[in-house]
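Enquirer: Right, I'll just put the structure down here and ask away after.
Every number here is computed from the coordinates shown, using simple stated rules; none is lab data. The structure presented is a predicted model; accordingly, all values stated were derived computationally and were not measured. All Cβ positions, even for glycine, are placed from backbone atoms using ideal geometry, and neighbour counts span all protein chains on display.
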Amino acid sequence: MKGIARLSAGAWVLCQVLSGQVWYLAGRVEMEDGSPLPKPAGIERVCDGGTKVETLTDRQGRFVMRRVESGGFGDLFDTSSGEMSVGGSGMSGGSFGNRMKLMINCVLRAALPGYDSTVIRLQDRRPTDDPHLPPFILRRRDSEGIVPTVPRMAMPKEARRAWDSAVRAAAAGNWTEAERHARQTAEAQPRFAQAWRLAGAAAMNQKKLPEAQEALEKAIAADPKLLISYVLLTRVDLNASNWEGARKTSDALIQADTEQRYVEAYVYNALARYRLRDLEGAGKSAQEALRRDPKHRFPRAEYALGLILAAKRDYTGAANHLRQYLELEPRAGDAETVRTYMANLGKPGAPMSELEPEPADLTLPPAGRSGCRAG
């Protein structure tokens, strides 16, 4: 259906261009966690001279709009058209209908009350570019995503330019460039935790574990309340077989996460303690993960508890939890290994190598998909 919608929008755009009308842009708005859009969102143009809602999406998040630019006399006259409103006035930060005010440094973003959006810089687009825009990603203001929104903070011009480049590269999945620009920003603004966090996330996705660890530790030092940094650092520690580091970081996350948003902290803590042979502590963490996750968003908790019970020679309990893991994740990469392991559980004399816990997946989700899944 997405392909059909994109084709239809593309054909409509092409028709407008060939008929001699002004060019149009097409795109969609998505929720970071993959859930449906709660209601239609606005598409805003934000410039130094003001903010204007250019169009609204449909209920599926799709939109088509007249092409706009950043600056220029044509753009100046376009600002006098009628305004729409999304949760408030259609104009802010300046007199958008004033023909004497040239609109420069413009970006497009989605607008929905209670959410932040990724942005697209208009000065980076040319008339010959693909009219299909990258998706705008919305996340709740009380959540922390992989791809950050533009911060509302004073920043030197060069640092702000580097940060904008880092965010665009991350949204496009270009992790090499995202890391480079994020580090440029962080070196210019060492207390800007989001820049260190993005540098660490980008290094993670390139499997550069030492670089990721260093950047994420700096993110935590700069802002101990940015909890996603703890999540990412724990994943790095697990993949680096730094079990004690993973235990300490996940313990710190559990203590700091007073709103209990990161169930995966208990899964990671259980796996780290299992490798440290702290079976009692590992079991408690795995059980707590299951208790806090009634919708089974983290099947790896079942896997972890199965490992722990097998190590304690509770083979019946281990088989039950490993079977539940396979029911929740039938296409898991280690499914056959788990089945073979289960078939030999408790059999005297049967060859049964210890089932190893998989490292936490380092690959970050593309923009618009949910964040850290366990394992």
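Enquirer: Which ³J(HN,Hα) values in Hz, rounded to whole numbers, follow from the phi angles of the range 224-239 under the Karplus curve 6.51 cos²θ - 1.76 cosθ + 1.60, where θ = phi - 60° and Gly and Pro get x?
Expert: x, 8, 7, 5, 4, 5, 5, 4, 5, 5, 4, 5, 4, 4, 4, 6
Enquirer: Moving on. Please work out the FRET efficiency for the pair Arg313 and Lys207, using the Cβ-Cβ distance as r and a Förster radius of 51 Å; give the result to the nearest 0.05.
Expert: 0.90
Enquirer: Taking 0.36 nm per residue of sequence separation and subtracting the Cα-Cα distance, how much length would be gained by fully extending the chain between Asn344 and Glu244, in nm to one decimal?
Expert: The Asn344-Glu244 span can extend by a further 33.0 nm.
Enquirer: Determine ³J(HN,Hα), in whole Hz, for all residues of the range 205-219 in sequence, where each value follows from phi through the Karplus function 6.51 cos²θ - 1.76 cosθ + 1.60 and θ = phi - 60°; x replaces Gly and Pro.
Expert: Here the 3J(HN,Hα) series is 5, 9, 6, 9, 5, x, 5, 5, 4, 4, 5, 6, 5, 5, 5 Hz.
Enquirer: Ranked from highest to lowest mean number of other Cβ atoms within 10 Å per residue, what is the order of the peptides 196-203, 226-233?
Expert: Going by the mean number of other Cβ atoms within 10 Å, highest first, we get 196-203, 226-233.
Enquirer: What is the fewest-to-most order of Ile254, Ile137 by other Cβ atoms lying within 10 Å of their Cβ?
Expert: Least crowded to most crowded, the residues run Ile254, Ile137.
Enquirer: For a quick protection proxy, order the peptides 295-308, 163-176 by their average other-Cβ count within 10 Å, most packed first.
Expert: Highest-to-lowest ranking by the protection proxy: 295-308, 163-176.
Enquirer: Report, in listed order, any pair from Lys225/Lys248; Lys284/Lys312; Lys248/Lys284; Lys207/Lys248; Lys248/Lys295 with a Cα-Cα distance greater than 24 Å.
Expert: Lys248/Lys295, as the Cα separations exceed 24 Å there.
Enquirer: Once amide H atoms are placed 1.01 Å from N in the peptide plane, what residues at a sequence separation of 5 or more from Arg67, or on another chain, have their amide H within under 5 Å of its amide H?
Expert: Trp23, Tyr24, Leu25
Enquirer: Quick one, what does Rg over Rh come out to for the range 210-266 if you take C-alpha atoms and the Kirkwood Rh?
Expert: Expressed as Rg/Rh, it is 0.93.
Enquirer: Could the peptides 321-327, 239-245 be put in order, highest first, of the mean number of other beta-carbon atoms found within 10 Å of their residues?
Expert: Averaged packing, sorted descending, gives the order 321-327, 239-245.
Enquirer: According to a simple spin-label model (label point 7 Å from Cα along Cα-to-Cβ), what is the distance in nm between Asp58 and Lys284?
Expert: The answer from the label model is 5.4 nm.
Enquirer: Can you list residues from other chains, or at least 5 along the same chain, whose modelled amide H is less than 5 Å from the amide H of His132?
Expert: Long-range HN contacts for His132: Ala26.
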